[in-house]
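First the structure, in the form of C-alpha cells, and then the observations on it.
Quick note: the coordinates plus some simple rules give every number you see, no bench work behind them. What you see is a predicted model, and the numbers here were worked out from it, not measured in a lab. Here the Cβ positions follow ideal geometry from the backbone for every residue, glycine too, while neighbour counts run over all protein chains shown.
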Amino acid sequence: MNQEELAKKLLSPSKNSRLEKLGKGLTFACLSLIVIIVAMILIFVAQKGLSTFFVNGVNIFDFLFGQTLLSQSYQPLSQLLLPLVRQSL
C-alpha cells in the first residue's frame, strides 16, 4: 500500500461516521419539529385564552383576584366554592 492510498483511506469518512451524521441530522430535524409544534400549541391556547380579556373587556386583575364569581346568580365565591369542595370529597 503506498502513501496516497493510505492517506485517502484515512481521510475519507467511514460508514459509521456517515451513519452518525445521518442520525444526528434526523434527531435535530425531529427535535426542531417538536419545538415548532409545541410553540404553535402555546400560541393557539394563548390566542384563544387571551381573547376573553381583550375582546370581551374582562379585567385580568378582577378575574384573578376578584371576590365574586360572575355567574347567573351573582353569588359570592365562598358560597359557590364550599359546595363544590364538599361534593368532590
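Table for the structure above
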read-out: Cα-projected label distance for S51 with S12, points at 7 Å along beta-carbon direction, nm; value: 6.0
read-out: Spacing of the two label points (7 Å from each Cα toward its C-beta) at L19 and V58, in nm; value: 5.6
